[in-house]
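First up is the structure itself, then whatever we jot down about it.
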Amino acid sequence: MDIGTWWNELASVEKIYWAISILSSFFFVIQLALTFLGADAEVDIEMEISTDLEVDGDTGMGFQFFSLKNLLGFFTLFGWTGLGCLDMGLGLFPTLAISSASGLVAMSIMATIFYFMSRLTDSGTLNMKNALGKTGTVYLVIPAKRAAAGKINLEVQGRNIEVNAITDDESDIPTGSVISVLEIVNNSLFLVKRQ
């Protein structure tokens, strides 16, 4: 039996399910390949307002139930489940109900997976505010009463950093002492106290 004969012998409902299955599977595989190749990109919005205020925003993905990937997943599972139901001899309405439910489950699972994957991203930018309350060690002596800056080493966001530090303590804080960060004066100067 050739494909033309097989196709002509199918009922109209089966032809519709086969068309949906084949087309959606084809586009689903292409979309999946593009995703793995990195052709899927986030949208970053950066704008500079005339007041010299720079706004950097990331729209993120959030929970997107109706997206191209999810719709392709819906129609792929809808089609193949429908064909399976028709092959088992189920009627039109049970087949539509079961295949629609399967497609919705696929959409929900895919939306949830992509939502949690989007939450795994990290910009990699070091945020010095994360150093507040952290402890570190003195690298170069920190003179008392903000007379001059010394240097400290501490770990912020999993990175060891070295920054200038001042103190309000009454005496100098010697090299090797353990300190605690009280305030971020600016990104390259911390206010610390001896532990």
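Every number here is computed from the coordinates shown, using simple stated rules; none is lab data. Being a predicted model, the structure only gives us computed values, none of them experimental. All Cβ positions, even for glycine, are placed from backbone atoms using ideal geometry, and neighbour counts span all protein chains on display.
Could you check the spin-label model distance between A148 and K134? Points 7 Å from the Cα along Cα→Cβ, value in nm. Label at A148, label at K134, 2.6 nm between them. Stretched out straight at 0.36 nm per residue, the stretch from K15 to A97 would grow longer than its current Cα-Cα span by 27.7 nm. Please work out whether segment 79-195 counts as rounded, prolate or oblate from its C-alpha gyration tensor, where a ≥ b ≥ c are the square roots of the eigenvalues and a/c under 1.5 means rounded, while otherwise a/b larger than b/c means prolate and anything else oblate? Because a/c hits 1.5 or more and a/b exceeds b/c, segment 79-195 counts as prolate.
Packing, as the average of other Cβ atoms within 10 Å across residues, places the peptides 97-106, 186-195, 73-82 in the order 73-82, 97-106, 186-195, highest first.
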